[in-house]
Every structure is written in structure tokens, then in C-alpha cells.
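Taking it in order: structure first as C-alpha cells, then the write-up.
The values are calculated or read from the model by the stated rules, or taken from the named source; none is laboratory data. Because the structure is predicted, anything quoted here is derived from the model rather than measured. Please note that ligands, DNA and RNA were not included when accessible areas were found on the heavy atoms of the full protein model with its side chains. Shrake-Rupley method; radii C 1.70, N 1.55, O 1.52, S 1.80 Å.
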Amino acid sequence: MLILASSSKSRKELLKNADIKFFQLASSFDESTIKEKNIINLASELSYSKARNALEKIENSDENIKFDNSSLEILGCDSIFEFKGKAFGKPSNKKEAYERWLMMSSNYGYLHTGHTILFCAFKNNMKEIICIKQVREVITSKITFAKLEKNEIKNYVNSNEPLHCAGGFALEGRGGKYIEKIDGCFSNVMGLSLPWLRRILLNQGI
């Protein structure tokens, strides 16, 4: 069974639309505890920590999950937008979102999504979980933005969408019309590379 260790609606929709069966279990990991400064390493560490947090929840039997087989795959993801060498998470307020978009307009950046899958198995009549293997990789997509007028930026920021997204934009939402080009994996920009997930699961015989 595939467990998505995230509360992300976009990741949930990606898996549903791809007809991949899964159970969503939000991670409660405190991201502020990771002090890694390298952006790519940070995305990787956060994805791993979220997957481990979900595994701990399952081990503590606090979650109502009905396992129908002896295998368990836990997927953790975390996206960080890099612009001119700086990490852009979710904007803290509208002012910050507006200032970011002034810089991003007619420019480009990189969306790094850390992916971690923990391949686990049950022992002792499903009373014990062992982690057999882990796969970690960061997928990067280059995003080129359109040239925006100031009133467009203001209207977009006032929609509040940028305040809830890494980098301050959502490809699957209103922000999609401001993205002119994507070099790399399309679904990665929404938080989960489906081609990567397919390849890793196939390699594991799933």
C-alpha cells in the first residue's frame, strides 16, 4: 500500500488522476528543525523526515489504516522554489508575495522537489514494521514566468493563492496562466514527479 505522507491537495489530485491507489496521511514533522542551507539537500532532508514521521505514526497505531497486503511504501515530498540562489518557501504575507512577483516577472527559477520512498514490510503477523529500503532523489524543473503588469500581480496576490504555495505560485491554480515555459517534469512543479514515482515503483516490482 502506498502512503502519501502529505496533506497537499495537489499531490493528492495528481495520484488520483493517475489512478494510483494510496492512503493520505499528513505529516506533522516540524520543518523548522532542519537547518540545512543547501537548497537541494534541504528538499531531500525534508522529504525524508516527512516519510519517517508518517512511518512513526503508523508504528504507534494511531491511524485507522486497513492494510491489505504485507508491503508498505511511504512517500514523502517537499518542494522548494529557488530564485537567484535563494530559497523561496511560502510568502509570509501579501507584501512579500508582491515583491517576489515583481522580481519573478519575465524571469525564471527552479522548483526542487525532494522525493523519498520508504519500502517497508510487516513481521510478526503485521505487528512489526521493518524498513527494507529507501530511495531518495530531488527532481528539478526550470520555470519561466511571463511579464506581468503590476495590477496583475496585485490581483493575484489579493486572491491569497500565493500565500499557500512554495515559491508563491500554483501551476494548477490561478498562477498557471503566468507560467510561460517549463523545462523538466511538469507534475514535479505541482509537488510530485509522477514519472519518477512510476519508475521507482516499477524498479521495485510494484
Report the per residue volume, in Å³, of the convex hull enclosing the C-alpha atoms of segment 95-180. 124 Å³
Please give the contour-minus-distance gain from residue 177 to residue 202: 0.36 nm per residue of separation, less the Cα-Cα distance, rounded to one decimal in nm. 5.6 nm
Heavy-atom accessible area per residue - the chain, 1.4 Å, Å²: 53 Å²
If you average 1/r across every pair of different Cα atoms in the chain and take the reciprocal, what Kirkwood value do you get, in Å? 17.8 Å
Per DSSP H run of at least 4 residues, take -39500 (n - 2.57); add these up for the chain, divide by its residues and hand me the 222 nm value, nearest 500 deg cm²/dmol. -9000 deg cm²/dmol
In what sequence, largest accessible area first, do 149, 45 appear using a 1.4 Å probe? 149, 45
For segment 147-194, inverting the pair-averaged 1/r of distinct alpha-carbon atoms gives a Kirkwood value in Å of 11.4 Å
Output wanted: per-residue J couplings in Hz (rounded whole) for segment 93-98, from phi through Karplus 6.51 cos²θ - 1.76 cosθ + 1.60, θ = phi - 60°, x for Gly and Pro. 7, 5, 4, 5, 4, 5
Choose one answer from 129, 40, 80: the residue with the largest mean-square fluctuation in a GNM of the chain with alpha-carbon springs under 10 Å. 129
³J(HN,Hα), Karplus 6.51/-1.76/1.60, whole Hz, each residue of segment 38-44, x for Gly, Pro: 5, 4, 5, 5, 5, 4, 5
